[in-house]
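Contents: one structure, followed by commentary.
What follows is calculated from the coordinates using simple rules that are stated; it is not laboratory data. Given the structure is predicted, the values throughout are model-derived calculations rather than measurements. Here Cβ is always computed from backbone atoms with ideal geometry, including for glycine, and neighbour counts include all displayed protein chains.
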Amino acid sequence: MNSTTANTTSGSTSSAASPSSSGATSPSSVQIPSNAEGSLNWAGYIDTPVSGGKGYTSISGSWTVPNIAANSQGMAAQWIGLGGVSTQDLLQIGTVEQNENGKPVAEVFWEKLPATATNLMTVPLGSTVQASITKSSGSTWDLNITVKTPGGQTQRKTIPVSLSSAYAQGIESSAEWISEDPSGPDNQLYPLANMGTVSYQDALVNGAPLNASGNEVQPVVLVDANGNVEIAPSAVGADGASFSTVTLATSSAGASAGRTPRGETIPGGRGSFGAPGSTGPGYAEQGAGPAGYGWTQAAGHGWHNTWGRPGGMNRW
């Protein structure tokens with residue numbers, strides 16, 4: 001990887017600040033939660049119910065759409081979701097940023113694996129996003145999103161989705177608040193854009209804070225194939241429902257710059273990111289990985305489209 005990274009271990013503090021070749025700047029110190037596990041595309045927090053606990057039927061969270069550098073080849077995404085850890089089923093809604101014609105743009109999307117993502121609207125960078133997924137009635141689940149632009153405009157959307165009982169049971173097994181490096185139609189990771197610090201607020205599951213007593217709480221750091229941390233989550237805030245992810249370094253050319261594409265074995269670990277064209281089995285397999293992290297397989301929703309703006313999509 002071309003950037004300079006803080007090669008930290010779980011529970012440690014990063015090395016002194018140093019700018020990377022891709023433009024990301026490491027903070028002088030970043031305290032990584034002691035029980036963090038590594039992923040090649042996810043950073044943030046994962047909840048699973050404690051043994052014998054109730055499955056998840058709602059999740060919510062809010063964040064501000066980050067700015068990314070103009071003319072960057074990278075992409076970044078932020079989302080909340082249910083499922084995707086012990087199951088291939090994953091229902092999610094969030095935002096994704098990339099450059100189009102040299103200018104950074106952001107889209108709101110939703111996705112129900114194994115189907116591809118659907119873009120809902122283009123939104124200005126710096127917009128505030130409030131998102132939720134809730135079981136409505138019977139087999140219907142609602143994905144809700146409210147976007148408030150820096151100029152004060154507000155847009156709301158609700159997407160009702162019908163789920164089979166088996167799919168619903170699968171997604172009730174975990175909840176996620178994630179900053180992600182997306183992957184493309186070929187199932188390889190895009191270069192990671194510098195999303196800076198993303199602050200997640202109102203992180204609730206089943207109406208309670210993410211670190212409520214009924215949850216097993218797992219922090220996740222995004223690392224490159226050598227175990228260097230690229231995005232790190234903070235500790236959960238005193239309210240139990242807030243945290244931040246911080247970009248410490250970014251890759252300049254995706255898999256060719258130290259990122260491992262799906263289908264290749266993770267160095268030092270027992271897992272791989274699933275065969276090309278598959279979503280992979282999520283965090284089902286773990287092993288001792290580089291830099292002291294326990295490696296986990298990230299469930300990739302796979303950004304199967306190129307995030308072109310489909311006809312009829314809402315614009316600001």
Worksheet item: Mind ordering 192-201, 69-78 by average Cβ neighbours within 10 Å, highest first?
Response: 192-201, 69-78
Response to the item:
Here the net charge surrounding residue 130, from other residues whose Cβ is less than 13 Å away from its Cβ (Lys, Arg +1; Asp, Glu -1), is +2
Worksheet entry | Whole-number Å³ per residue for the convex hull built on Cα positions in the stretch 92-226 | 156 Å³
Worksheet, complete the sentence: Note, residue 44: beta-carbon cut-off 9 Å, +1 each Lys/Arg, -1 each Asp/Glu, net -2
Worksheet item: Sorted by average packing, counted as other Cβ atoms within 10 angstrom per residue and highest first, what order do 154-163, 116-125, 131-140 take?
Response: 116-125, 131-140, 154-163
Item to complete: Hand me the GluC sites (Glu not before Pro) from the stretch 114-182 located in a DSSP loop with no more than 15 other Cβ atoms within 10 Å, in residue order please.
Response: none
Worksheet item: Rule-of-thumb check for the stretch 138-196: C-alpha Rg over 2.2 N^0.38 Å?
Response: 1.57
Worksheet item: Which of the aspartates and glutamates could be linked to residue 54 by a straight reach, that is with a Cα gap under 19 Å, when you skip same-chain ones fewer than 8 residues away?
Response: 89, 172, 176, 216
Fill in: Ranked by how many other beta carbons lie within 10 Å on average, peptides 214-226, 45-57 from highest
214-226, 45-57
Worksheet item: Under 26 Å Cα-Cα from residue 103, which lysines qualify once same-chain neighbours fewer than 8 residues away are excluded?
Response: 148, 157
